[in-house]
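One structure is given here, and the rest of the page talks about it.
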Amino acid sequence: MKTGRMIVLPLLIALSLFVTVDLAGAVVNIQCPGDSNGDAIPEPGHPAFRPNVKCMHVSGGDGFSVMGDGTVLYTFGFANLTGIADNPATPIDERMEAGMLAAEWSAPTIVLDEGDEFYLNLTNVGMPMRPDLFDPHSVHWHGFPQAAAIFDGVPDASVSINMGSTLTYYYNVVEPGTYLWHCHVEATEHMQMGMLGNLYVRPAQNKLPAGTNLNGFIHQAGFKYAYNDGDGSTRYDVEFPIQMGGFDSYFHEQHLAVQPLPFALIKDTYAMLNGRGYPDTVNPGWLPAPAENGGKVSQKVSSLIQATAGQKVLLRISNVSIARFYTLATLGMPMRVVGKDARLLRGPDGKNLAYVTNSVTLGGGETADVILDTTGMAPGTYFLYTTNLNYLSNNTEDFGGMMTEIRIN
């Protein structure tokens, strides 16, 4: 193993370790204040422990996912390695091994609180199915106001990491809202291949003392809000991330076949929510692991929306498609849009600009915070679906695609 240079940024706010790895004796170095064994989980008894510090360890690599019609497609993606610590007696780094052929579609969901310090460790584990590729990877937190360009993930303003390397990103989380995250290296290719995930930040208003008066609305313990609204108008009971996206099956097939990629002809043939097409969207658990992944599960994020009658449901909707705009609509259940692109819908004078609709249209990279009020709704099954009706299909198979169920108990 060869160890490269260590870069320490000003004020010691973050540390990046670049390691050239011989996989026969690999070592992954991560940073997480308060963690002593390298599993990216802070330990309350550790001298460096701080309660507002959160850590995560993800890998960037390849794998396979199953479409709604049973077709298996080759993908790139991130996998969650948090909680995995090395056994000193094992010659192979267990985290490197766990990340290989483990690409998740969609990527592991990141949930943070305003005021957190977040250390995100990215390890590039390479691409076993494409050993001819040596693609670097990065993490771009889309829409987040970076304190330093070094963490932005855009290669021309930041850094990306090669195979066998690990980079620690540092974020001082100051803006609540719904975001998304993705790899920004060769972005069209890596995003089309699946390096995309949900990310959202809960507001500090959630943690106010019970009894706090919010302009006439009395906050109670356990109340949750989409934003620091100051009046309780974005309160909700349950929340669900809903990420619109799509795959061009021909692009993925040509990639695995090591053929020239048809960038100019990209067209979504599988439209999905959280990396699944209907009816897989309503499966509340993980989808079975494709055999090509060696038993590693790739599709872990359900799109099923469940609530009890009378509850308010927050949908954190994003569009990660690189090919088109998508519209999501509800049938018989109005949507109240309270936020757009991680910003509360308020005018310069504080006027509430939230609006009620039955559909939301988003382009790639856009997000919306939508509240469904089930008060007075009859228990039963409702639908959240795209009005782009040709995408209510799994490629050539009808009655699938970008649709899920809202089940009111």
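Where residues in the stretch 250-268 are closer than 23 Å to Leu133 by Cβ and surrounded by 19 or more Cβ atoms within 10 Å (Cβ to Cβ), which of them is modelled with the lowest pLDDT? Let's see the steps before the verdict.
We begin by selecting, within the stretch 250-268, every residue closer than 23 Å to Leu133 by Cβ; these are 250-266.
Filter once more, keeping what is surrounded by 19 or more Cβ atoms within 10 Å (Cβ to Cβ): 251-252, 255, 266.
Working: Phe251: 98, His252: 98, His255: 98, Ile266: 95.
Among those residues, the one meeting the criterion is Ile266.
Of all residues in the stretch 352-373 being aliphatic (A, V, I, L, M) and part of a loop (DSSP other than H, G, I, E, B), which is farthest from the chain's Cα centre (by Cα)? Among those that are aliphatic (A, V, I, L, M) and part of a loop (DSSP other than H, G, I, E, B), it is Leu353. Kindly establish whether Leu273 is in contact with a helix residue (DSSP H, G or I) (Cβ under 6 Å, 6 or more places away or on another chain) and under 16 Å from Thr367 (Cβ atoms). Yes: the conditions hold for Leu273. Of all the residues in the stretch 130-149, those that are over 20 Å from Val201 (Cβ atoms) and surrounded by fewer than 19 Cβ atoms within 10 Å (Cβ to Cβ) number 7.
Listed here are the residues, each with its yes/no results for (1) in a loop (DSSP other than H, G, I, E, B); (2) without any contact (Cβ under 8 Å) to a residue 12 or more places away in the chain.
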{"residue": "Gly194", "(1), (2)": "yes, no"}
{"residue": "Tyr200", "(1), (2)": "no, no"}
{"residue": "Asn206", "(1), (2)": "no, no"}
{"residue": "Ala210", "(1), (2)": "yes, yes"}
{"residue": "Gly222", "(1), (2)": "yes, yes"}
{"residue": "Tyr227", "(1), (2)": "yes, no"}
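Per the conditions (1) charged (D, E, K, R); (2) out of contact with any Gly (no Cβ under 8 Å at 6 or more places or on another chain); (3) surrounded by fewer than 16 Cβ atoms within 10 Å (Cβ to Cβ), the sole criterion not satisfied by Lys340 is (3).
Collect the residues in the stretch 285-312 that are among the β-branched types (Val, Ile, Thr) and within 19 Å of the chain's Cα centre (by Cα), keeping them in residue-number order. Residues satisfying the conditions are Val297, Val301, Ile305. Of everything listed in (1) in contact with a helix residue (DSSP H, G or I) (Cβ under 8 Å, 6 or more places away or on another chain); (2) of a type outside the set (Val, Ile, Thr); (3) within 21 Å of Tyr227 (Cα to Cα), the single unmet condition for Pro145 is (1).
Output the residue which, of all residues in the stretch 374-389 that are among the polar types (S, T, N, Q) and outside any loop (DSSP other than H, G, I, E, B), is least open to solvent (accessible area, probe 1.4 Å).
Across the stretch 374-389, the extreme among qualifying residues is Thr386.
The values are calculated or read from the model by the stated rules, or taken from the named source; none is laboratory data. Not measured: the values here are computed from a predicted model. With ideal geometry, Cβ positions are generated from the backbone for all residues, glycine too; neighbour counts draw on all protein chains shown. In case anyone asks, the SASA skips ligands and DNA or RNA and just uses the protein heavy atoms, side chains included. Shrake-Rupley method; radii C 1.70, N 1.55, O 1.52, S 1.80 Å.
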